Amino acid sequence: MESVENKIIRKMKKCGRGSVFFVNDFLAYGTRSAVNKALERMVLQGTILRAARGIYCYPKLEKVYGLGAIPPSGEDIAAAVAKRDGAHIVPSGAFAQYQLGLTQQIPLNYHYLTDGTSRTITIDDTRSITFHHVSPRYFAFQTKLAQLITTALKDWKIERLTDEQIQTLKTTINNQVRIPVADLKLMPTATRELILSLYE
């Protein structure tokens, strides 16, 4: 009979390197205790990585510089959690500002708005992923850009934007398809007026 461990690795290989998994993904192969023990052995063997409590990754391998197994990013883990829960997520706060290029400082923690459950996941003792449940209106946008701008500026007063940040926003919105009127209407008034003033 094929072992629980072999069944797990066969499924992981089928999904490909870089894939993120949860303990529940393997419960068809044995009891929770058996699955947990198999995963623990695989982590000790270096076959897989433990990304967070109950979350594992079949890692990509970096061979050029000898870095070996590459852990999943916070974004990879967040996307896997959202997919598992059937929830929508969007970056928020400093994380959203970084994605828009409004700050060059890489955020230590990942913050998302979600229509799912609020929770915080610790991913390596020093970093975390926080999901904050909000109104469905944040997920009614037709375009990702409009959604990201809205969440990035959600808790940031428009008047605090520097000239450089405003120029970054101007370049970004003018290099993409114009934000539709329906999305502009979903933005807070101050954010909408700023965006409209930046179009050339």
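Key figures
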| quantity | calculated |
| --- | --- |
| Among 18, 86, 116: highest mean-square fluctuation, GNM of the chain, C-alpha pairs under 10 Å | 86 |
| Gaussian network model of the chain, springs between alpha carbon atoms under 10 Å - residue of 50, 127, 32 with greatest fluctuation | 32 |
| Rounded to whole Hz, the Karplus (6.51, -1.76, 1.60) HN-Hα couplings of the stretch 56-63, x for glycine and proline | 10, 9, 8, x, 6, 10, 9, 9 |
| P(r), alpha carbons of the chain - 10 Å bins starting at zero, rounded % | 8, 29, 27, 19, 12, 4, 0 |
| Cα gyration tensor category, rounded, prolate or oblate, for the stretch 4-70 with a/c compared to 1.5 | prolate |
| Greater than 24 Å apart at Cα, pairs in 7/37; 60/154; 63/83; 13/144; 37/63; 83/157 | 60/154; 63/83; 13/144; 37/63; 83/157 |
| Rounded to 10°, Cα long-axis angle of helix 4-15 versus longest principal axis of the chain | 40 degrees |
| Cα gyration tensor category, rounded, prolate or oblate, for the stretch 43-98 with a/c compared to 1.5 | oblate |
| 0 to 90° range, to nearest 10: angle between helix 163-174 axis and the chain longest Cα axis | 80 degrees |
| Prolate/oblate/rounded call for the stretch 82-200, Cα gyration tensor, a/c under 1.5 rounded | oblate |
| Radius, Kirkwood style, for the stretch 116-161 when every pair of distinct Cα atoms is counted (Å) | 12.7 Å |
| Residue-averaged [θ]222 nm for the chain, counting only DSSP H segments that reach four residues, each worth -39500 (n - 2.57) | -12500 deg cm²/dmol |
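Every number here is computed from the coordinates shown, using simple stated rules; none is lab data. Computed from a predicted structure; not experimentally measured.
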